Amino acid sequence: MAVKMKDIADDLGISLVTVSKALRNHPDISLKTRERVAARVQELGYRPNLAARSLVTGRSMLVGFVVPDLMHPFFADVAKGLSAVLREKGYFVIISSSEEDPELECKEIEHMMAHRLDALVVASSQSSAEALAPIQQSGTPLILLDRYFDNFEAHFVGSDDYNAGKIATEHLIEIGCKRIAHIQGPDTSPGSRRLKGFLDTMRKHGLEVPPEYIIKAGSGDVEGDEHGIQALRTLQSLKRPPDGIFCFNDVIASGVILEAVAQGIDVPKTLAVIGCGNLHSNRLIRVPLSSVDQRSNEIGRRAAKLILDIVQAPEGTKPAGTKRVVLQGGLVVRASTDRGGISSRPGKKIGKG
């Protein structure tokens, strides 16, 4: 028979309430009693009935996280930061991938909501916020991560994508690039904001951006490296190929470098390449990739702290309005743009990050 909480209480000669509080590390219960309960729980192999607990507390202790791509290192790092903070408070994260498919995203969200989530974090692939409105109407706290929608009031945690575009472009100009192309991401806020940062910076420096220097990648996340390969082939077929490329993200940039090496292009002397995200694999690429650090792990941690502020606030003291947490990134120079004099060693970080 399954061990019940009442069995532990009877065995230790304490009340059921005391056992319940001890299992939740409630400050009302002494450390000695909590240790006694923990030891007996381990001896008897007790497993709490989370479904029953949620009916009593009104909390499932579950937080949903929907991402565009489970394999993308950026979202993996965000999930790591998110889980680390929530785990300390007894919350568990359920992760699902939309595969950059808006219809699949809606199905995944509907399935998650059936689990009575305490909060939902979404890096959305939707073109508009229409599909997300029912979440807020249900009363479940919604946190948009990395991607937001204009004219849609929701909590948001992410990086300054416009500034990322400026940082990357300024760096390419600083090292002497004159013909700079941009491989654009999807039609989400990061894609449009990084593009605007790129264009505004080029305009500020009086540099031309021919229409053919803007390549639209089919996806920034799913098979992004393949999109980078195809984009470079297109750019190299031009009469005047670029001498610098700012890629929407590091996955696309890694594909660009793979193709550049395959074509015998000297990176960074002939072609400088910079991405965005500062993923862990960047230093392992054939030509280590320069990037704009988005502070992905910190994004996850900040999202978790925002969730805890919302769900743990006493009744009647819930945070008013919505909160935006926007982190500033910093330039990380590696071999793909290091033409000498910028970085004394690969991986040097410049600016915030």
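The values are calculated or read from the model by the stated rules, or taken from the named source; none is laboratory data. This structure is a prediction, so every number in the text was calculated from the model and none was measured. Note that each Cβ is placed from the backbone with ideal geometry, even for glycine, and that neighbours are counted across all protein chains shown.
How do the strands (runs of 3 or more DSSP E) wholly within segment 282-353 filter down when requiring 3 or more residues that are at pLDDT below 95: which remain? Let's see the steps before the verdict.
Working: elements: 290-293, 324-327, 330-333, 348-350.
Of the strands (runs of 3 or more DSSP E) lying wholly inside segment 282-353, those with at least 3 residues that are at pLDDT below 95 span 348-350.
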Residue set Leu199, Leu235, Leu195; condition at pLDDT 95 or above, among the hydrophobic types (A, V, I, L, M, F, W, C) and in contact with a Pro (Cβ under 6 Å, 6 or more places away or on another chain); output residue Leu235
Residues that are crowded, with 19+ Cβ neighbours inside 10 Å and either modelled with pLDDT of 95 or more or of a type in the set (A, V, I, L, M) (or both), drawn from segment 202-224:
Met202, Tyr213, Ile215, Ala217, Val222
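Matching residues to (1) within 30 Å of Pro242 (Cα to Cα); (2) among the β-branched types (Val, Ile, Thr):
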| site | (1), (2) |
| --- | --- |
| Gln263 | yes, no |
| Leu271 | yes, no |
| Leu279 | yes, no |
| Ile285 | yes, yes |
| Val292 | yes, yes |
| Leu306 | no, no |
| Arg324 | no, no |
| Leu327 | no, no |
Counted residues in segment 67-107 being crowded, with 19+ Cβ neighbours inside 10 Å, among the aromatic types (Phe, Trp, Tyr) and outside any loop (DSSP other than H, G, I, E, B) come to 2
Asp187 being surrounded by fewer than 20 Cβ atoms within 10 Å (Cβ to Cβ), more than 16 Å from Leu271 (Cα to Cα) and in contact with a Gly (Cβ under 8 Å, 6 or more places away or on another chain):
no
I'd like to check which helices (runs of 4 or more DSSP H) are fully inside segment 1-48 and have at least 1 residues that are within 37 Å of the chain's Cα centre (by Cα) and surrounded by 13 or more Cβ atoms within 10 Å (Cβ to Cβ).
16-23, 31-44
